[in-house]
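The values are calculated or read from the model by the stated rules, or taken from the named source; none is laboratory data. In this text, all values refer to a predicted model and were calculated from it rather than measured experimentally. When we count neighbours, we look across all protein chains shown, and the Cβ atoms used for this are built from the backbone with ideal geometry, even at glycine. For accessibility, only protein heavy atoms count, side chains too; no ligands or nucleic acids. Shrake-Rupley method; radii C 1.70, N 1.55, O 1.52, S 1.80 Å.
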Amino acid sequence: MEFFKLAQLTGRADFYDKAHAVFTMLDAKHPRAPPLGTTNGGRLWPLYVSPRDGALVGTSVSWGAMGDSYYEYLLKTYLLVGRKSPAYIKMYRDSIQGMRDSLVTTSPADGRVYVAEMKDGKIVAKMDHLACFLPGLLALGSTLLREEDSTTADTDLELAKELASTCWAMYSMQASGVAPEFVKFDASKGMHNGQHHNLLRPETAESLFILWRVTKDPLYREQAWAMFLAFDRWCRVQSGGFAGLKDVTSTNPAKDDTMQSFWLAETLKYLYLIFADDDKLDLSKWVFTTEAHPMKVMAEPPTAEAITRWQAAAGGS
């Protein structure tokens, strides 16, 4: 996304060409065979790619740490270029199908729906808070898929709501009301903390924001407000700023003396936007990068003709 926008602003074709080539390569290199491919046409991409020839390396997959932004950008790059590059939306649909076929799981102990990880081709019953961007992504995708396939849009939105419920439970089940870094699932305990610390991450706030915009269900505003109050109570530093927590299960959690940059750039931004009017960064006109920087949707994709015009507008060659 960033390179496409740079191509538009500078008129430099190489920014677009190199970024687009990555999508093309990852599409072409996919083996379309288990465990990365499914019989329903789903496709998952592993965490690693060979820098030598672009071959996909291994069969470890995550929609959380190390893998989240790739899947996020399949849809968002399509939106950024005005929905005029069908290869991107095809890869997005394939990835959602692959996720449904291989990773979406319902915990037998508590009925919570989550997206598992894959390590060396085997399922790991773990979900990062980082993966909580996914309910928002599914909800965003459902708004455009509805025009082409209302049944798929409905099922994607329903999954978004189920996953958002699990992400919200990461907060509500803690004594502090603040979520841990990741959770695990097992047959006896159901969902439980994998680690106890919190880094002020934004992903659940992001999803609540998008779900509010898409559904107008006041539940998402209520959850966002409760989340903010918990952050404000336990993470605010008296001398100024906020800090993460060392143990969210504590009724008086110690702070970690660190304020991550994404707290200001992302978490607070999404918490603000969920209570703002819809014309504040209209999602039909703006697309958020993975770091929550809003980019205006392009009137046309970066074709050779468009880049020539952008070069003239930028005053360069």
*Scan region 17-40 for residues that are in contact (Cβ under 8 Å) with a residue 24 or more places away in the chain and open to solvent by less than 40 Å² (accessible area, probe 1.4 Å) and jot them down.*
23, 26, 30, 36, 37, 38
*Which of the residues belonging to region 222-240 are surrounded by fewer than 16 Cβ atoms within 10 Å (Cβ to Cβ) and either within 17 Å of the chain's Cα centre (by Cα) or of a type outside the set (Gly, Ala, Ser) (or both)?*
222, 225, 229, 232, 233, 236, 237, 238
*Candidate set: region 207-221, residues that are among the charged types (D, E, K, R) and touching a residue at least 24 places away in the same chain (Cβ under 8 Å); chosen: the one most open to solvent (accessible area, probe 1.4 Å)*: 221
*Regarding residue 231, is this residue in contact with a strand residue (DSSP E or B) (Cβ under 8 Å, 6 or more places away or on another chain) and not in a loop (DSSP other than H, G, I, E, B)?*
yes
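Per-residue answers, yes or no, for (1) in contact with a helix residue (DSSP H, G or I) (Cβ under 6 Å, 6 or more places away or on another chain); (2) of a type in the set (Asp, Glu):
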position	(1), (2)
114	yes, no
118	no, no
130	yes, no
152	yes, no
162	no, yes
169	no, no
_Here are the criteria: (1) touching a helix residue (DSSP H, G or I) at 6+ places or on another chain (Cβ under 9 Å); (2) within 23 Å of residue 210 (Cα to Cα); (3) buried (at least 21 other Cβ atoms within 10 Å of the Cβ). Tell me which single one residue 143 does not satisfy._
(3)
_Six or more apart or on different chains, Cβ atoms under 6 Å: show the pairs whose first residue is in region 253-280 and on the phi > 0 side of the Ramachandran plot and without any contact (Cβ under 8 Å) to a residue 40 or more places away in the chain and whose second is part of a loop (DSSP other than H, G, I, E, B) and of a type in the set (A, V, I, L, M)._
257/243
*asked:* Just to be sure I understand, how many residues within region 72-109 are within 18 Å of the chain's Cα centre (by Cα) and among the basic types (Lys, Arg)?
replied: 4
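One line per residue, one yes/no per condition, for (1) part of a helix (DSSP H, G or I); (2) at pLDDT below 95; (3) closer than 25 Å to residue 202 by Cβ:
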| site | (1), (2), (3) |
| --- | --- |
| 26 | yes, no, no |
| 59 | no, no, no |
| 64 | no, no, yes |
| 69 | yes, no, yes |
| 74 | yes, no, yes |
| 91 | yes, no, yes |
*Limited to region 243-282, what total is found for residues that are hydrophobic (A, V, I, L, M, F, W, C), open to solvent by less than 40 Å² (accessible area, probe 1.4 Å) and either in contact with a strand residue (DSSP E or B) (Cβ under 9 Å, 6 or more places away or on another chain) or part of a loop (DSSP other than H, G, I, E, B) (or both)?*
6
